[in-house]
Amino acid sequence: MARFTTGVTIVTTTTPNGPAGMTASAVASVSLDPLMLLVCVGNTLATRDAISASGVFAVSVLSRGQEHHALRFASRCDDKFAGVGLRTDHDLPVIDGAVAHFACEVKEEFAGGDHTIFVGQVNRCGYAVDSDPLVYFGGTFGSLCDLTSHARLAYDWQLAATM
């Protein structure tokens, strides 16, 4: 699966003890009408129990430059939310500066091997214009458009075309 390029998201929810969250790449669109998506959460993670108990979750699609958030929420540190900017216009924790976000109500919960698949109906969503998503491939973070690489390739192509 490391050879499958995917977007990088943080899935969050609320608990009586505060917010819970994790980094996830197993997120997909399920339906357009009604708008639904799914997230796959490891059965041993506290976020799995928190989503199941709350019945709601948010997905923040990370932008280029938010690798530190992805690494922090993939760790088992005590307070993943310390120092992380959150949007204040939602009841659920949504990462500030994300490319897009989806606030969902759990409609279905399925066993999926060592993961639980949560299907959520999107109640609210939004996106940032002119932002570049963070992607993950082969154990490395990247982006869809690396302007430096594109400029170098264009230069090399122009140079080769004149010879």
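The values are calculated or read from the model by the stated rules, or taken from the named source; none is laboratory data. This structure is a prediction, so every number in the text was calculated from the model and none was measured. Here Cβ is always computed from backbone atoms with ideal geometry, including for glycine, and neighbour counts include all displayed protein chains. Note: accessible area is taken over every heavy atom of the protein model, side chains too, but ligands, DNA and RNA are not part of it. Shrake-Rupley method; radii C 1.70, N 1.55, O 1.52, S 1.80 Å.
Whole number in Å², please: accessible area per residue of region 44-128, 1.4 Å probe, ligands, DNA and RNA not counted. Show your work: numbers first, answer last.
Working: 4410 Å² over 85 residues.
So region 44-128 comes to 52 Å² accessible per residue, rounded to a whole number.
May I ask you to list the residues of region 44-65 whose amide nitrogen lies under 20 Å from a point 7 Å from Cα along the Cα→beta-carbon direction of Cys77? Flagged as within label range: 45-48, 60-65. The stretch between Asp130 and Asn17 holds 37.1 nm of extra length on full extension. This uses 0.36 nm per residue minus the Cα-Cα distance. Our estimate of slack between Leu32 and His68, defined as 0.36 nm per intervening residue step minus the Cα-Cα distance, is 9.8 nm.
Carbon-plus-sulfur accessible fraction, the chain (probe radius 1.4 Å, protein heavy atoms only): 57%.
Pairs of Cα atoms nearer than 8 Å and 6+ residues apart set the relative contact order; for the chain it is 27 percent. Which one, (1) 319; (2) 221; (3) 140, gives volume of the Cα convex hull per residue in Å³ as derived from the coordinates shown? Comparing each candidate, only (3) matches the computed number. Put simply, when 14-22, 106-114 are sorted by average Cβ atoms within 10 angstrom per residue, most first, you get 14-22, 106-114. Extending 7 Å from the Cα toward the beta-carbon at both Asn123 and Thr5 defines two label points whose distance is 3.5 nm.
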